[in-house]
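The values are calculated or read from the model by the stated rules, or taken from the named source; none is laboratory data. Keep in mind that what you see is a predicted model, and the values were worked out from it rather than measured. Cβ: placed from backbone, ideal geometry, glycine included. Neighbour counts: every protein chain shown. In case anyone asks, the SASA skips ligands and DNA or RNA and just uses the protein heavy atoms, side chains included. Shrake-Rupley method; radii C 1.70, N 1.55, O 1.52, S 1.80 Å.
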Amino acid sequence: MELETAARAVRENAYVPYSRFKVGAALRAPSGRIYAGCNVENVAYPEGTCAEAGAIAAMVAAGETEILEAYVIADAAHPVPPCGGCRQKLAEFARGHVRVTMATTDGATLQTTVAELLPGAFSTDHMDRS
Ligand code: THU
């Protein structure tokens, strides 16, 4: 519930003049603290950042590097899944079993895990030549 509240609240601040699609994300870290982020678009479209990236940046800036649970919310007909880049970003800080809840502002939710979102994830193991 804390994650949902934080994600809903931060979503209101999304800067989305181009897509008009507000997204909010919230993460729970080992300290129990919740970190939130919203999407921030840019007139140079590829420079825009996703809500998940904002939440991860807030967590790391606060000195934490582990995600225990994630929540993403948007105003859509169906729960919105994190984009490919955000799946990789989440996987950097979350174990495979970590729950990711995707929600709509109307209250529909869908649950998955980081491993389900990014099967076969690239990791440091893949840089090992031995
Ligand atoms: N977006 C997110 O912030 N997170 C997601 O998981 C999916 C997409 C944003 C990026 C862009 O600002 C808008 O939604 C439309 O793609």
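What to note about this one:
- Selection within region 69-98: residues that are outside any strand (DSSP E or B) and open to solvent by less than 20 Å² (accessible area, probe 1.4 Å). The member of this set that is farthest from the ligand (Cβ to nearest atom) is Leu90.
- Scanning region 85-130 for residues that are of a type in the set (Ser, Thr, Tyr) and modelled with pLDDT under 95, we see that the one that is nearest to Ala55 (Cα to Cα) is Ser123.
- Taking the criterion of being β-branched (Val, Ile, Thr), surrounded by fewer than 18 Cβ atoms within 10 Å (Cβ to Cβ) and either more than 8 Å from the ligand (Cβ to nearest atom) or assigned to a loop (DSSP other than H, G, I, E, B) (or both), the residues of region 38-65 that qualify are Val43, Val60, Thr65.
- No other residue among Ala74, Ala62 is of a type outside the set (Lys, Arg) and in contact (Cβ under 8 Å) with a residue 60 or more places away in the chain apart from Ala74.
- For region 83-103, filtered to residues that are touching a Pro at 6+ places or on another chain (Cβ under 9 Å) and among the β-branched types (Val, Ile, Thr), the residue that is nearest to Ala57 (Cα to Cα) is Val100.
- Residues of region 13-33 satisfying the condition of being hydrophobic (A, V, I, L, M, F, W, C) and within 9 Å of the ligand (Cβ to nearest atom): Ala14, Val16, Phe21, Val23, Ala25
- The set of residues in region 12-31 that are open to solvent by less than 40 Å² (accessible area, probe 1.4 Å) and over 12 Å from the mean Cα position of the chain (by Cα) comprises Ala14, Val16, Ala29.
- Single condition Ala9 does not satisfy, out of (1) near the ligand (Cβ under 10 Å from one of its atoms); (2) in a helix (DSSP H, G or I); (3) farther than 21 Å from Ala121 by Cα; (4) of a type in the set (Gly, Ala, Ser): (1)
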